[in-house]
Amino acid sequence: MNRQSPNNLYYYDHAVTDLIMEKYGYSRLDALRKFTDSQTHVLLEDADNGLQAFGANGIFDIWESEMITKDPRNSVYIRED
């Protein structure tokens with residue numbers, strides 16, 4: 001596994017957490033916990049997956065897809081149709 005740089009993870013942790021807070025009204029800590037405990041975050045941590053190419057809104061969409069379907073791979077950003 002080729003780990004994402006700490007600076008990239010820091011950016012995504014905060015940017016996606018902000019989007020989660022805005023849409024769902026969670027506190028910062030709860031939103032951060034929901035994101036960092038997700039499979040989406042695990043995929044993001046591995047730079048070889050290329051998720052950083054989608055930007056914060058794309059990662060948020062992948063996370064949201066995971067919350068709904070229980071699998072981040074169901075997102076239109078990464079599913080193979």
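The values are calculated or read from the model by the stated rules, or taken from the named source; none is laboratory data. Just so it is clear, the model here is predicted, and its values are computed rather than measured. Because the Cβ atoms are built from the backbone with ideal geometry, glycine has one as well, and the counts that use them run over all protein chains shown. All accessible areas refer to the heavy atoms of the entire protein, side chains included, with ligands and DNA or RNA removed. Shrake-Rupley method; radii C 1.70, N 1.55, O 1.52, S 1.80 Å.
Which far-off residues, 5 or more places away or on another chain, put their amide H under 5 Å from the one on D46, with H placed in the peptide plane?
For D46, whose amide H was placed from the backbone, the distant partners under 5 Å are Q4.
For the stretch 1-40, what is the accessible area per residue in Å², given a 1.4 Å probe and the full set of protein chains?
Computed with neighbouring chains in place, this is 67 Å² per residue.
Output the Kirkwood hydrodynamic radius of the chain, Cα pairs only, in Å rounded to one decimal.
By the Kirkwood definition, the hydrodynamic radius is 12.5 Å.
Please report the net charge: other residues with Cβ closer than 12 Å to the Cβ of P6, K and R +1, D and E -1.
My count for the surroundings of P6 gives -1.
Computed FRET efficiency, Cβ-Cβ of D37 and K70, R0 22 Å: what is it to the nearest 0.05?
After rounding, the FRET efficiency stands at 0.95.
Could you tell me the calculated FRET efficiency between E22 and A53, based on Cβ-Cβ distance and R0 = 30 angstrom, to the nearest 0.05?
0.85
Which net charge results when you count Lys and Arg as +1 and Asp and Glu as -1 among the other residues whose beta-carbon is under 13 Å from that of E66?
Summing Lys and Arg as +1 and Asp and Glu as -1 gives 0.
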